[in-house]
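Input: a single structure, listed below in structure tokens.
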């Protein structure tokens, strides 16, 4: 008898007995990151700092290289110097010196197929020199309008290899695409079809950086890794759910893009839908990419499709007018640089959404997002039902508030639970108190940056935290009904709210019928 | 004690005869002072808020000769896993000094800047006679509802007060590398008796990158077949010692238990083992130089019909290892090696809550090998 997993002379059908579940090191393959849009804001602010930190923490393979591609003419040296400004000042640190050796640059226009052939030669040279076995990650850090020429030229120049069944044995190619994935269902389908001409679905990593946030990942751990919450996570115990993504910033140099997108396409269709699906999904069979994404897609399939009348009743769109934010006067949206003075683009959206399934039937999900709101805050608030009988009413004492579980995504990442407690004294008074968990004070460190996590996941081929084609298309299917109704119906007028407030009064009315109000953040 | 980029707040009252209420009072006063001092209690190092954090009660008996070496490790552990840290020096206090304690805090600047995250520290010292009071002193100061982790850095299973601390702890971390050569199996039997979910050997944790890289080497279908025809394994560790260190024994035991080998004897070249397909020799030798008795190289050869020859070489704190493949074809590559600092190993074990069957199997196989090794 040999022990479990022992190898015999012909172990064809066996798994590697040295591969244990307990060895969970995430070892990244050597690869080349090719960043299109390398002179842009996203590359400076997010990608290079994230790659630098991964390199510093030894999480990138020592042979991994990074190639920037953009219209601007840089030498490798000039590109390195420009990128260094986004991570450090003063004399170059040893960490930077090591990182800089990975950085290369190739100038080119996205529509120029010859530039891609020349890029291919550069990649070949770098791979030969650094011993990279042809693994490539293409990062589209560009406006969505560039995705089509990029994909076509990558395909035409033969820069990407289509995934084989056994990806481990061959050089792999992956592509990371930034949101928005389309501007409606049809354009999302067109984009997916185009990208699929070159890449198989498992090679496509649609990045929504919200999913890389530690607190967003913690939603599932919190729900499904603890015994006490999941039994309560249904319409029997939960009265309503509120999801808020509030920003204090305006359009900040993105006016041209924002004018065509609005907050509905920029945030609601992506970030908010992802938060909604993670909150409402059923437990997946396994914690791996397709199981998790199957369950998220199921939630999107069960969203109640809104009729034009329901859109008029259950959604609010608004635009900020001049106001004051944090003690400083703030312009209205139409006064922002680059914005059309007669713009009808919404900077605020709120909606009452129903998930038509067994678990959530009758529980309204209130979602709101906006720019130039009073505070920067993202949270999911689960409001539980009141006790069935008010025992303390006879003592002249009402329970002041329902129990609310708050999952704080940002800032002050953590979780809090509010409940009623007797305040000290002879009389019976019940006051709301909080139990708080803060990442910082519990773990002594701030959660890592979302891009770090997601870039590493892509390098490791783990797509759990990336959106799948059906998720994106289902989210658009839901949104299209709202967007179509807004554009077609005069019953959905644009409301207004002063910058620095919590949105228009019309949004409060969504909750009045439920005897409720938006939670204070 | 001040470590670069770390700040230690010491209560000005210094060491005092142990009194649990007074110690809690000292800790409270320390935070009050830190909160009110604009410059911070560390004389200006602070910039922003001070956060007091605790994920665990960390109880650490320190062998006096090892204490200076381990102090920076503990500072790093509190950075990675903020805790109420109990450092225990049993025995060195003058006779009659009884049990004494002082309080302090170890603080680390947040990576994002803006303030310090601090772990409270209680340092306990005793003379020989009052060492037995240490467990009760610690029990009175544990933060309720947080796990108690005993990090036993004493070279052996120790006196009764250590046993009492072990009973009190939710998790016990031991290090068989601190034991006299040949006494490791005592620790491993203890671990098996108490359960590998509750007792972890840090010598095993040091092997994680070795096990990962070995698994990866044999992941390919063609290479996997060679696992069945391995005929020789040679492991080299730094230092001149004739007796291999615990990580080498455990790695040998791991290979043996995973691959179903039986130890049958010893010859001048090393241990003789038998797999289902034939004999296997296992050689373990020191390089004769260098410090620390650290595993540095492993060379595995497999015979026909699946010839395979691979050598993995890793030095010091490098984060990659050189993998030299000689058969079935020649290739050399640098492969990622998940080297972790000692503090990271410790924290990794604190985060592991599952029983460790591979380690238990490896330790049993290693003990069997040691018996054969010692016979000649």
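The values are calculated or read from the model by the stated rules, or taken from the named source; none is laboratory data. Quick caveat, the model's predicted, so the values are computed rather than measured. All Cβ positions, glycine included, derive from the backbone under ideal geometry; neighbour counts span all protein chains shown.
Does residue B:350 satisfy the criteria of being within 13 Å of another protein chain (Cβ to nearest Cβ), surrounded by 19 or more Cβ atoms within 10 Å (Cβ to Cβ) and in contact (Cβ under 8 Å) with a residue 24 or more places away in the chain?
Values: within 13 Å of another protein chain (Cβ to nearest Cβ): yes; surrounded by 19 or more Cβ atoms within 10 Å (Cβ to Cβ): yes; in contact (Cβ under 8 Å) with a residue 24 or more places away in the chain: yes.
So residue B:350 fits the description; yes.
Could you list, in sequence order, all residues of region B:179-189 that are part of a helix (DSSP H, G or I) and either surrounded by fewer than 16 Cβ atoms within 10 Å (Cβ to Cβ) or in the same structural domain as residue B:154 (by TED's automatic domain parsing) (or both)?
We begin by selecting, within region B:179-189, every residue part of a helix (DSSP H, G or I); these are B:184-189.
Those that are part of a helix (DSSP H, G or I) and either surrounded by fewer than 16 Cβ atoms within 10 Å (Cβ to Cβ) or in the same structural domain as residue B:154 (by TED's automatic domain parsing) (or both): B:186, B:189.
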Any hit, region B:36-50, residues being farther than 30 Å from residue B:166 by Cα, within 14 Å of chain A (Cβ to nearest Cβ), at pLDDT 75 or above and touching a helix residue (DSSP H, G or I) at 6+ places or on another chain (Cβ under 6 Å): yes
Residue A:182 being exposed (fewer than 15 other Cβ atoms within 10 Å of the Cβ) and in contact (Cβ under 8 Å) with a residue 24 or more places away in the chain: no
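May I ask you to list the residues in region A:324-348 that are assigned to a strand (DSSP E or B) and over 9 Å from residue A:372 (Cβ atoms)?
The initial filter retains those residues of region A:324-348 that are assigned to a strand (DSSP E or B), namely A:324-325, A:328-330, A:348.
Correct list: A:324, A:328, A:329.
Residues are listed down the side, and each one gets a yes or a no for (1) touching a residue at least 40 places away in the same chain (Cβ under 8 Å); (2) in a strand (DSSP E or B); (3) within 14 Å of another protein chain (Cβ to nearest Cβ); (4) over 22 Å from residue B:263 (Cβ atoms):
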{"site": "B:162", "(1), (2), (3), (4)": "yes, no, no, yes"}
{"site": "B:167", "(1), (2), (3), (4)": "no, no, no, yes"}
{"site": "B:204", "(1), (2), (3), (4)": "yes, no, yes, no"}
{"site": "B:216", "(1), (2), (3), (4)": "yes, no, yes, yes"}
{"site": "B:232", "(1), (2), (3), (4)": "yes, yes, no, no"}
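Output the residue which, of all residues in region B:218-230 that are free of Cβ contacts under 8 Å to residues at least 60 places away in the same chain and touching a helix residue (DSSP H, G or I) at 6+ places or on another chain (Cβ under 9 Å), is nearest to residue B:366 (Cα to Cα).
Pass one, region B:218-230, residues free of Cβ contacts under 8 Å to residues at least 60 places away in the same chain: B:218-221, B:224.
Cutting the leftovers down to touching a helix residue (DSSP H, G or I) at 6+ places or on another chain (Cβ under 9 Å) gives us B:218-221.
Details: B:218: 22, B:219: 24, B:220: 27, B:221: 28 Å.
In this case the residue turns out to be B:218.
Show me the strands (runs of 3 or more DSSP E) found entirely inside region B:300-342 where at least 3 residues are touching a residue at least 60 places away in the same chain (Cβ under 8 Å), away from chain A (no Cβ under 11 Å) and more than 22 Å from the chain's Cα centre (by Cα).
B:308-313
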Qualifying residue in region B:65-79 (condition: crowded, with 18+ Cβ neighbours inside 10 Å, within 27 Å of residue B:164 (Cβ to Cβ) and at pLDDT below 80): no
Residue B:286 vs. criteria more than 26 Å from residue B:327 (Cβ to Cβ) and away from chain A (no Cβ under 13 Å): yes
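Here are B:282, B:227: which of them is in a helix (DSSP H, G or I) and crowded, with 19+ Cβ neighbours inside 10 Å?
On the way: B:282 fails: in a helix (DSSP H, G or I).
Going through B:282, B:227 in turn, the sole match is B:227.
Find the residue count for region A:182-233, including only residues that are in a helix (DSSP H, G or I) and closer than 23 Å to residue A:267 by Cα. If you could, list the steps in order and put the result at the bottom.
First pass over region A:182-233, keeping only residues in a helix (DSSP H, G or I): A:185-198, A:201-203, A:209-212, A:214-224, A:230-232.
Next, from what is left, pick out any that are closer than 23 Å to residue A:267 by Cα: A:185-192, A:195, A:209-212, A:214-220.
The number of residues fulfilling the criteria is 20.
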Yes/no for residue A:84 being under 30 Å from residue A:144 (Cβ atoms) and either at pLDDT 95 or above or more than 9 Å from chain B (Cβ to nearest Cβ) (or both): yes
Condition met for residue A:118 (farther than 20 Å from residue A:46 by Cβ and modelled with pLDDT of 95 or more): yes
Selection count, region B:106-123, where residues are at pLDDT 90 or above and in contact with a helix residue (DSSP H, G or I) (Cβ under 7 Å, 6 or more places away or on another chain): 4
Residue match in region B:105-117 (condition: away from every other protein chain (no Cβ under 14 Å) and within 25 Å of the chain's Cα centre (by Cα)): no
Which numbered condition residue B:237 misses (of (1) within 13 Å of another protein chain (Cβ to nearest Cβ); (2) touching a helix residue (DSSP H, G or I) at 6+ places or on another chain (Cβ under 7 Å)): (1)
Pick from region B:258-278, criterion within 14 Å of another protein chain (Cβ to nearest Cβ) and more than 30 Å from the chain's Cα centre (by Cα), ranking: surrounded by the fewest Cβ atoms within 10 Å (Cβ to Cβ): B:278
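Pull up region A:113-133, narrow it to residues that are touching a strand residue (DSSP E or B) at 6+ places or on another chain (Cβ under 8 Å) and surrounded by fewer than 20 Cβ atoms within 10 Å (Cβ to Cβ), then point me to the one that is nearest to residue A:254 (Cα to Cα). Reasoning before the result, please.
Just the residues of region A:113-133 that are touching a strand residue (DSSP E or B) at 6+ places or on another chain (Cβ under 8 Å), to begin with: A:115, A:118-119, A:122-123, A:126-127, A:130-132.
Going one step further and asking which of them are surrounded by fewer than 20 Cβ atoms within 10 Å (Cβ to Cβ), we end up with A:115, A:118, A:122, A:126, A:130-131.
Working: A:115: 28, A:118: 31, A:122: 32, A:126: 35, A:130: 38, A:131: 40 Å.
The qualifying residue nearest to residue A:254 (Cα to Cα) is A:115.
Among the strands (runs of 3 or more DSSP E) lying completely within region A:367-466, list those that include at least 3 residues that are surrounded by fewer than 20 Cβ atoms within 10 Å (Cβ to Cβ) and free of Cβ contacts under 8 Å to residues at least 60 places away in the same chain.
On the way: elements: A:377-384, A:404-410, A:414-422, A:430-438.
Strands (runs of 3 or more DSSP E) meeting the threshold: A:414-422, A:430-438.
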Any hit, region B:147-170, residues being more than 21 Å from residue B:76 (Cα to Cα), surrounded by fewer than 17 Cβ atoms within 10 Å (Cβ to Cβ) and at pLDDT 90 or above: yes
Given (1) closer than 25 Å to residue A:298 by Cα; (2) touching a helix residue (DSSP H, G or I) at 6+ places or on another chain (Cβ under 8 Å), number of the condition residue A:456 does not satisfy: (1)
Single residue of A:352, A:301, A:293, A:317 found to be surrounded by 23 or more Cβ atoms within 10 Å (Cβ to Cβ) and touching a helix residue (DSSP H, G or I) at 6+ places or on another chain (Cβ under 8 Å): A:317
Hey, residue B:253 within 14 Å of another protein chain (Cβ to nearest Cβ), within 19 Å of residue B:359 (Cα to Cα) and touching a helix residue (DSSP H, G or I) at 6+ places or on another chain (Cβ under 6 Å) or not: yes
